[in-house]
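Q: Quick one: the structure is below, and I'll ask about it shortly.
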Amino acid sequence: MMDGNQKLRKQVKDEFMTYLIVHKHRRTPERFAILDHIYNLTKGHFDMDSLYKSMVETNYRVSRATLYNTIELLLDCGLVVKHQFGANVSKYERKYGNENHDHIICTVCGEVWETKNNDFFTSVKQKKIKKFTVHYYSMYIYGICSKCNHVKKMEMRKLKKPGK
C-alpha cells in the first residue's frame, strides 16, 4: 500500500515520463533523480545553488548544466513553479503537494515567508472567473519585515540626535 508521498512521487514521475516521450526528450536517470529529489527531499522554496548542494550532500553527482536543463523541462511540463521574488534571484518550488499559499517578501533584506490565508482567494471567487480553471495560485505581498523596520527606525533616531 502506497502512502500519500509515494503516490505523489509516482504521479509526478509518470507525468514527467509522458512529457519527455511526447516532446521527444531523453529519459535519463539524472532527470528522474532531480525530479525525485525535488519532490522527496526539498521543502518549500529552493534556488539552483541550494538544489545543487543538496544533491551533492546526498551523494548524487549531477552537473549544473543538467540541473538547469532539467529545471527548464520541469517548468515547461508544470511540475515546478518559478518565482521571481527579488531583482536577480529565481526561486522554485514543486507544484504538487503544496497547498495554495501566499508569499510575504521583505523589499529590504529579500527574505520570503509563506502564509496560508484562504480568505484572499476562496473557491467561490475562483468560480467567478469565467472560462478559466484554476489549478494553482500564488499571491505576492511586498513590504518591510520587522527586523529591517527596526534597523530603519534605529538609523532614523541616530540621524535626529542633536549635536551631530
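Each value in this text was obtained by applying a stated rule to the coordinates, not by laboratory testing. Since we're looking at a predicted model, the values are computed, not measured. Ideal geometry is used to build each Cβ from the backbone, glycine not excepted, and the neighbour counts take in all protein chains shown.
Q: Charges on Cβ only, +1 for Lys and Arg, -1 for Asp and Glu, centred on the Cα centroid of region 1-98; of His37, Leu51, Tyr92, which one is farthest towards the dipole's positive end?
A: Value: His37.
Q: Could you list the trypsin sites (Lys or Arg not before Pro) in region 3-44 that lie in coil according to DSSP, counting only those with at most 16 other Cβ atoms within 10 Å of their Cβ?
A: Answer in residue order: Lys24, Arg26, Arg27, Lys43.
Q: List the trypsin sites (Lys or Arg not before Pro) within region 54-84 that fall in a DSSP loop (any state other than H, G, I, E or B) and whose Cβ has at most 13 other Cβ atoms within 10 Å.
A: When the trypsin sites (Lys or Arg not before Pro) of region 54-84 are filtered for loop state and at most 13 Cβ neighbours within 10 Å, Arg61 remain.
Q: Right, another one. Would you mind putting 141-152, 104-115, 68-79 in packing order, based on average other-beta-carbon counts within 10 Å, highest first?
A: Output ranking for 141-152, 104-115, 68-79: 68-79, 104-115, 141-152.
Q: Count neighbours as other Cβ atoms within 10 Å of each site's Cβ, and list the chymotrypsin sites (Phe, Trp or Tyr not before Pro) in region 1-46 that are DSSP loop with at most 10 such neighbours.
A: Answer in residue order: no site qualifies.
Q: May I ask which of Lys43/Lys91; Lys116/Lys153; Lys10/Lys43; Lys7/Lys53; Lys13/Lys82 have a Cα-Cα span longer than 23 Å here?
A: The pairs that break the limit, which is 23 Å between Cα atoms, are Lys116/Lys153; Lys7/Lys53.
Q: Under a Cβ-only charge scheme (Lys and Arg +1, Asp and Glu -1), can you give me the dipole magnitude of region 1-98 about the Cα centre, in debye to the nearest 20?
A: Rounded to the nearest 20 debye, it is 160 debye.
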